[in-house]
1. Mean 1/r over all different Cα pairs, inverted: what Kirkwood radius does the chain give, in Å?
2. Please work out the average accessible area per residue across the chain, using the 1.4 Å probe convention, and give it in Å².
3. Of the accessible area of the chain, with the probe set at 1.4 angstrom, what percent is carbon plus sulfur?
4. Given the Cα-Cα distance of Glu29 and Arg44 and 0.36 nm per residue of separation, how much length would full extension add, in nm?
Amino acid sequence: MNTTRHHRLKGDLARLDVDGVERDQWQYEVTAGGRIWFVVLEERKTVWVTRAGTGHPKLTD
């Protein structure tokens, strides 16, 4: 699901290894600068927050 505030990260940040399985990594834009990055583990009904911050992450520039 992509919205104006919720989308999959791109490039090297798009995938993350969680417990030996490559997963899609997503970003939710909480504010103009604040971001939450997360990975969804559907089979466990779990969300792993991988990064949260109040400023725009320089990694995505």
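1. 12.0
2. Per-residue accessible area for the chain comes out at 72 Å².
3. 53
4. Taking 0.36 nm per residue and subtracting the Cα distance, the gain is 3.0 nm.
The values are calculated or read from the model by the stated rules, or taken from the named source; none is laboratory data. Quantities reported herein were computed from a predicted structural model and do not represent experimental measurements. Only protein heavy atoms, including side chains, enter the accessible area calculation; ligands, DNA and RNA are left aside. Shrake-Rupley method; radii C 1.70, N 1.55, O 1.52, S 1.80 Å.
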